[in-house]
Amino acid sequence: MAIFGAVGAVAALVPGGAKSMGVSTDLLVHAPFDTFLIPGIFLLLVIFGGNFISGVLLSKKQNIGAYLSAFMGFITKIWIIAQWLLMAAVFPIQLIFMLISLLQFVLSVWLIQKHKLPFPFAAYQH
């Protein structure tokens, strides 16, 4: 998911990037902004950054990585729903990302349950 976030961020932040991918600012008619700058920053910092960090933490077998991954799956679903509402349109790529984020969330929760991972920063640990 981090890779998709990075690609989307570059397309949104690089002048002409969105247009080269067939995306027009006309889609932002119901959005509170006129350019893809804010969505690009969100994609870069939150979607890319959060997924990248969760991947690094998971590769180092840090328990918090599974929780961050589940959170990022949830955040990505909210991001896609916000796109649907603000753009008043649904695109096939959004449906694919919605399924991927659902899979990410489900697999992360499964990992947490399978390994009985303690909740990070909890005062009481079993």
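The values are calculated or read from the model by the stated rules, or taken from the named source; none is laboratory data. In this text, all values refer to a predicted model and were calculated from it rather than measured experimentally. Here the Cβ is made from the backbone with ideal geometry for all residues, glycine too, and neighbour counts use every protein chain on show. Side chains are part of the model used for accessible areas, which takes the heavy atoms of the whole protein and leaves out ligands, DNA and RNA. Shrake-Rupley method; radii C 1.70, N 1.55, O 1.52, S 1.80 Å.
Residues in the range 1-33 that are closer than 14 Å to Gln83 by Cα and open to solvent by 90 Å² or more (accessible area, probe 1.4 Å): 4 in all. Within the range 41-67, the set of residues being under 15 Å from Ser108 (Cα atoms), open to solvent by less than 60 Å² (accessible area, probe 1.4 Å) and of a type in the set (Gly, Ala, Ser) comprises Gly50, Ser54, Gly55, Gly65, Ala66. Within the range 68-113, the only residue that satisfies the criterion of being closer than 16 Å to Phe52 by Cβ, open to solvent by 40 Å² or more (accessible area, probe 1.4 Å) and touching a residue at least 60 places away in the same chain (Cβ under 8 Å) is Ile100.
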